Amino acid sequence: VVQTPNLDRLAREEGIRFAENCVTTSICWISRATLYSGMYFARHKFEMLGRGRTDSGQQQQQKQQMGWEPPKNETIYALLRHHAGYKVGHVGKLGLWVNIDQQKHMHFFRNDDGWHFKKVRGVMTHITKKNTDDALKFLHRHHKNNNDNVDDSSSKKPFFLNVAYFATHAVDNSKEQYFPQLESMKLYTNTTIPIPPTATTEAWKKMPYFFGDYNEGRTRYRWRYDEPDKHQTMMKNYYRMATEVDASVGKLLEALKRHGVYNETLIIFTTDNGNFHAEHGLADKWYPHQESIKVPLIIKDPRMDPAMVGTTNYDLTLNIDLAPTILNAAGLEALPTMMGRDMSVLYRTHYEEGRHLPTTTTTTTKTKTRRYLEPPPQPHGGRHHHHTGLADEWRTEFFYHHPTHTSKNYIPASEALVRKDYKYMYWPDFRYEELFDLQQDPGEVNDLVRQRNKTQRVRAILDEMRSRFLELKDWAHRDDE
């Protein structure tokens with residue numbers, strides 16, 4: 001339904017689409033901190049610093065303010081500028097309320113967050129238009145500076161630009177929620193947006209018992225989706241803003257072509273979290289369900305094997321993989337603290353899911369399940385182990401977590417072990433667990449833990465996933481470096 005012709009063309013004709021890409025924590029600021037650091041939230045520990053809203057999950061009345069753990073000189077911005085010689089820019093939502101020495105580590109910085117329309121230099125401006133104009137300004141300045149050094153090739157710099165659109169984020173304190181640009185209002189006028197199959201009272205009643213009317217996901221559902229006409233209005237405006245982002249992407253791609261660097265530029269399109277659009281009677285994100293954790297990922301890479309162009313990959317890729325992928329493309333090794341993997345191994349040579357990766361740099365002990373890592377080595381043991389998969393295979397599972405936000409009744413903490421066949425969820429505030437068969441129950445409405453007369457097979461799957469969940473949770477939280 002949603003119209004994104006530029007992104008569709010990028011995936012279909014020049015790049016690769018990752019259909020199973022997920023985030024490790026589904027909320028904007030934590031996900032962005034993961035992009036900058038290559039770490040799980042358990043390691044970078046950034047959430048709403050100074051806002052007094054983070055709950056440790058141990059004592060409900062005691063708030064714990066969490067900071068930014070990674071050194072400021074170990075973000076992708078700092079590494080690309082100081083170790084790879086890149087011209088570095090950021091446009092749009094930074095998402096961090098801490099000082100990461102932007103002036104020291106970025107050549108160009110424009111941070112816009114939390115609004116859709118406001119006056120910019122006396123002119124009423126939409127945030128997506130400002131994001132676009134700022135990005136084009138960066139590209140123009142970079143191109144001009146390189147041209148000014150046309151006789152000195154050593155002075156020409158490669159560039160890295162993160163265009164972090166605020167759209168399609170809602171304006172949370174507004175009744176209307178989504179504010180497209182005026183010229184977009186003609187879009188989707190004669191379209192009926194499909195209602196998700198799990199946007200039902202029955203699905204809401206199957207949520208855990210502690211999901212009540214105070215739950216923020218349920219509150220935002222009432223803001224947006226509790227009446228059919230309201231649902232249509234909200235989704236149409238949401239899609240209008242998505243189409244506006246797509247149009248912006250198209251303008252940036254044209255600018256790259258105009259400046260003569262399109263064919264040598266790595267382009268990555270993704271988002272920081274998914275969204276409930278009334279599924280399970282909820283709105284927004286946070287929780288481990290598919291609608292919340294799955295996000296788009298399209299990559300166009302000049303190094304891509306031609307046979308991979310236009311294909312769709314179904315491996316479990318994660319937002320912790322973005323930093324290693326970006327750094328390795330710039331000729332830098334991922335830091336030992338980074339917890340993901342370079343995704344280019346999935347497309348730089350012809351690769352099919354389930355086969356061995358084309359290259360390997362470490363060895364591990366394989367087990368009959370082909371899921372398990374070796375026991376973590378001792379500190380400084382010399383082996384890189386920060387990925388949940390064998391060295392010569394891609395991961396087949398991952399750990400997900402989200403902290404308690406404000407209180408356990410508002411946004412409860414959630415954790416999960418995610419695979420493509422089954423998902424094990426754990427709600428630590430309530431010591432409540434769920435198990436879903438994603439092949440038979442993709443909507444995640446039939447909890448097998450509560451199934452009467454469980455089969456021996458279901459009991460075995462549950463026991464194994466409980467054990468593996470604890471292993472990966474320990475891996476995500478442990479700092480061995």
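Where a number appears in this text, it was derived from the coordinates with a stated rule and is not lab data. Not measured: the values here are computed from a predicted model. In this analysis, Cβ positions are derived from the backbone assuming ideal geometry, glycine residues included, and neighbour counts consider all displayed protein chains.
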Taking only Cα atoms of segment 86-194, the Rg to Rh ratio with Kirkwood Rh works out at 1.08
Kirkwood radius from Cα pairs of segment 176-283 plugged into Stokes-Einstein at 4 °C, 1.567 mPa s, gives D in µm²/s equal to 80 µm²/s
FRET efficiency (Arg348, Lys156; Cβ distance; R0 35 Å; to 0.05) is 0.90
Computed over segment 195-318, the relative contact order (Cα-Cα under 8 Å, seq sep at least six) in percent reads 32 percent
Taking 0.36 nm per residue of separation between Asp8 and Lys118 and subtracting their Cα-Cα distance, the length gained on full extension comes to 36.6 nm
Expressed as a whole-number percentage, the relative contact order of segment 246-293 with C-alpha contacts under 8 angstrom and at least six residues apart is 23 percent
The whole-number value in µm²/s of the Stokes-Einstein translational diffusion coefficient for segment 441-481, with Rh from the Kirkwood sum over alpha carbon pairs at 10 °C and 1.306 mPa s, is 130 µm²/s
Gln232 and Thr312 label points (each 7 Å along its Cα→Cβ direction) are spaced in nm at 2.9 nm
Relative contact order of segment 69-115 (C-alpha contacts under 8 Å, at least 6 apart) in percent is 39 percent
Karplus ³J(HN,Hα) for segment 84-89 (6.51 cos²θ - 1.76 cosθ + 1.60, θ = phi - 60°; Hz, whole; x = Gly/Pro) runs 10, x, 8, 7, 10, x
Checking segment 68-166 for trypsin sites (Lys or Arg not before Pro) in a loop per DSSP with at most 16 other beta-carbon atoms within 10 Å yields Arg121, Lys156
Rounded to the nearest Å, the spacing of the alpha-carbon centers of segment 437-460 and segment 260-329 is 29 Å
Packing-ranked peptide list from 188-199, 445-456, 415-426, 33-44, highest mean Cβ count within 10 angstrom first, is 33-44, 415-426, 188-199, 445-456
Expected unfolding gain across Glu176-Phe210 under the 0.36 nm per residue rule, minus the alpha-carbon gap, is 9.4 nm
Scalar couplings 3J(HN,Hα) for segment 458-475 by Karplus 6.51 cos²θ - 1.76 cosθ + 1.60 (θ = phi - 60°), nearest whole Hz, x for Gly and Pro, are 5, 4, 5, 4, 4, 4, 5, 6, 4, 5, 5, 4, 5, 4, 6, 4, 4, 4
